[in-house]
Amino acid sequence: MGKVYCIAEDTSAFQDRYNAFTITETTSPTPTDAEVELIEGEAQYWIYANTNGTNLDPDGLTELESGMCIVSGDEVSPTEYDNNPNYVVYNG
């Protein structure tokens, strides 16, 4: 499979510190709705700054990040953490 492009909104609360995206894998993707079709295995990814909601061509865009990811056939739910930690103090 060749390169796959999509447009996803950055949903991070602190975009200067990190980026968060939701990209959906489906067999009939709509790339402008953050949907892609992938095959299992290792894949490279690139994230570009794009202010145009329909432009799927990365030429001329600023690359923000690139890396590797694993595409697996099992659906995985994101890990949620309790924001109310319990602290134990030992006096001894």
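The values are calculated or read from the model by the stated rules, or taken from the named source; none is laboratory data. Not measured: the values here are computed from a predicted model. Glycine also receives a Cβ, built like all others from the backbone with ideal geometry; neighbour counts cover every protein chain displayed.
Just one of (1) over 16 Å from the mean Cα position of the chain (by Cα); (2) modelled with pLDDT of 90 or more; (3) surrounded by fewer than 10 Cβ atoms within 10 Å (Cβ to Cβ); (4) not hydrophobic (A, V, I, L, M, F, W, C) trips up GLU80, so point out which.
Going through the list (1) over 16 Å from the mean Cα position of the chain (by Cα); (2) modelled with pLDDT of 90 or more; (3) surrounded by fewer than 10 Cβ atoms within 10 Å (Cβ to Cβ); (4) not hydrophobic (A, V, I, L, M, F, W, C), GLU80 breaks only (2).
Could you run through the range 46-77 and say how many residues are over 15 Å from ILE7 (Cα atoms) and at pLDDT 90 or above?
The number of residues fulfilling the criteria is 4.
Which of the residues belonging to the range 1-22 are within 13 Å of the chain's Cα centre (by Cα) and surrounded by 12 or more Cβ atoms within 10 Å (Cβ to Cβ)?
TYR5, CYS6, ILE7, ALA8, ASP10, SER12, ASN19, ALA20, PHE21
One residue is enough: does the range 32-45 have a residue meeting the conditions outside any loop (DSSP other than H, G, I, E, B), surrounded by 10 or more Cβ atoms within 10 Å (Cβ to Cβ), at pLDDT 90 or above and out of contact with any strand residue (DSSP E or B) (no Cβ under 7 Å at 6 or more places or on another chain)?
yes
All but one of (1) in contact (Cβ under 8 Å) with a residue 40 or more places away in the chain; (2) at positive phi hold for GLU65; state the number of the condition that does not hold.
Unmet condition: (2).
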